[in-house]
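Structure first, then comments.
Nothing in this text is a laboratory measurement; each read-out follows from the coordinates by a stated rule. These numbers were taken from a predicted model, which means no experiment stands behind them. Please note: Cβ atoms are built from the backbone with ideal geometry, for glycine as well, and neighbour counts cover all protein chains shown.
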Amino acid sequence: MPEPKTIPTTTTTDVEELKLDPLDIRHEPFDPEDEYRPEPEPEPLPPVWMDGSLRIGIHTSISGSYLNALESARKLGCNALQIFSASPRMWAGGPARIPDADAAAFRARREELGLGPLVIHANYLINLAAVQSMLRTRSIQAFQDELVRSIALGADFLVVHPGARGEAKMETAIATIIDSVKQAVRRVPLGNLRILIENTAGMGSAVGSRLEEIAAVIRGLSSLGAAACLDTAHLFAAGYDLSSASGLEATISQIEQTVGLENVYVWHVNDSKIALGGRVDRHEHIGHGKIKADAFARILRHPKLGASLATGLPGRVFLLETPIEEPGDDRKNVAKLWELSGEEGPAVEKSYSMLTSALKKKLTAHRKETAKAVRDAARKSSKKKKKG
Ligand SMILES: [Zn+2]
Ligand SMILES: [Zn+2]
């Protein structure tokens, strides 16, 4: 810091000469310290998507470029979106870090389109509850990479499944998850990014099918501001009956007593192929599954569940993860949510879909090939058994 210069004090003569009003505030004795006081930081304005308006989106593909996800969301009539920041089913699914120029272009375009919040779903292979040390280390590293990429892309939320506990006790698994997240966050300043723990359907030894388990994890991570993402299909398969009006009220009161509604920033809205309490995770198109359209209308219009400023949580978002089997399935599900909400969504690009007929053909061929390879392998191994 430079030495403050001596400032001559103003005399009455100066004032007269300069025809200054002696009562003028500007004429108060000058404090040299003022020279070195930094401009106060302007209060950051909350992002537009926190204006209390309904936020609806769908999981969009980053295939080709991160920017493609933004354009898909826009064309499908979304005002929010979820993406993977790398391939979700491979450990090394592309670069661990995103090139600065790509990340900057993505942030700028998202700002232009006013899409928000931006939710990133973490890789499915990550198991923060893993007992086996190799898998646990790998999971922590991969989750740290997720954090770094999320921050680079300017994401608001990073959603992760709690993990599978194997033979471990539930309390042990919960402690492991909390510790894994804390290790991953070490040396990664989160900034505006919030980690969300998602509830599960309860397949196998998955942690998080009970709301109490999600509550315990986010309580253990309260110093990081961690919160929750609730999936309607997972809740239903785990035994929470969202399909009826009374069931929804009962579920809401259970959420209030455990996780807390103020901690539910993201809803994954998926219908369920699986019956109530079936404990299997199979998403279905809105209105075509066991939860049914009426129930989604109740969820989207519920004063406590939306983003409305009075009773909801500003910035809260409803995101689809429904299957895209036919071209247009994505657009139809987004339109269905807006329709059920009773509000008008953004304009849609006519007949746009992330799945084109050409892409569908390619995927079908690939699926057939994979199925054939699996059958051949099974036949070979059964022949071997018969011989042996
Ligand atoms: Zn989900
Ligand atoms: Zn699911």
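Amide H to amide H distances under 5 Å link Tyr265 with Ala228, where only residues 5 or more positions off or on other chains count and H is placed in the peptide plane.
What is the chain by shape, rounded, prolate or oblate, if you read a ≥ b ≥ c off the alpha carbon gyration tensor as root eigenvalues and call it rounded for a/c under 1.5, prolate for a/b larger than b/c, and oblate otherwise? It is prolate, given that a/c is not under 1.5 and a/b is the larger ratio.
Build a GNM of the chain with springs between Cα atoms under 10 Å apart, and of Arg97, Arg279, Arg194 the one that fluctuates most is Arg97. Estimated from helices alone, the mean residue ellipticity of the chain at 222 nm is -12500 deg cm²/dmol (sum of -39500 (n - 2.57) over DSSP H runs with n ≥ 4, per residue). In the structure shown, the pairs Lys290/Lys332; Lys292/Lys360; Lys75/Lys332; Lys361/Lys383; Lys273/Lys372 are assessed against 22 Å; a Cα-Cα span above that value is assigned to Lys292/Lys360; Lys361/Lys383; Lys273/Lys372.
Here the peptides 159-167, 244-252 are ranked by packing, the mean other Cβ count within 10 Å, and the order with the highest first is 159-167, 244-252. Mind checking the angle between helix 245-257 and the chain's longest principal axis? C-alpha axes, 0 to 90 degrees, to the nearest 10. Value to nearest ten degrees: 50. When each of Tyr240, Tyr124 is scored by the number of other beta-carbon atoms lying within 10 Å, the sequence from fewest to most is Tyr124, Tyr240.
For the chain, a crude dipole built from +1 on the beta carbon of Lys and Arg and -1 on the beta carbon of Asp and Glu, taken about the Cα centre, is about 4320 debye to the nearest 20. Across the range 41-52, coupling constants 3J(HN,Hα) worked out from phi with the 6.51/-1.76/1.60 Karplus curve, θ = phi - 60°, read 4, x, 4, x, 6, x, x, 4, 5, 9, 7, x Hz, and Gly and Pro carry x.
Ordering Leu319, Leu224 by the number of other Cβ atoms within 10 Å of each residue's own Cβ, fewest first, gives Leu224, Leu319. Mind checking the angle between helix 170-185 and the chain's longest principal axis? C-alpha axes, 0 to 90 degrees, to the nearest 10. Roughly 50 degrees, rounded to the nearest 10.
Taking amide hydrogens as placed 1.01 Å from N in the peptide plane, the amide H of Leu158 sits under 5 Å from those of Ile120, Arg194, Ile195, Leu196, each at least 5 positions away in sequence or on another chain.
For the pair Glu171 and Ala92, label points projected 7 Å from Cα toward Cβ lie 4.1 nm apart. For the range 123-128, the Karplus equation 6.51 cos²θ - 1.76 cosθ + 1.60, evaluated at θ = phi - 60°, returns couplings of 3, 6, 6, 4, 10, 5 Hz by residue, with Gly and Pro reported as x. With everything on Cα atoms, drop me the angle between helix 100-113 and the longest principal axis of the chain, reported from 0 to 90° to the nearest 10. With both axes taken from Cα atoms, the answer is about 90 degrees.
Does the range 55-188 come out rounded, prolate or oblate, given a ≥ b ≥ c as the square roots of the eigenvalues of its C-alpha gyration tensor, rounded meaning a/c under 1.5 and, failing that, prolate meaning a/b above b/c? Because a/c hits 1.5 or more and a/b exceeds b/c, the range 55-188 counts as prolate.
Highest-first packing order for the peptide set 328-340, 73-85 is 73-85, 328-340, based on the mean count of other beta carbon atoms within 10 Å.
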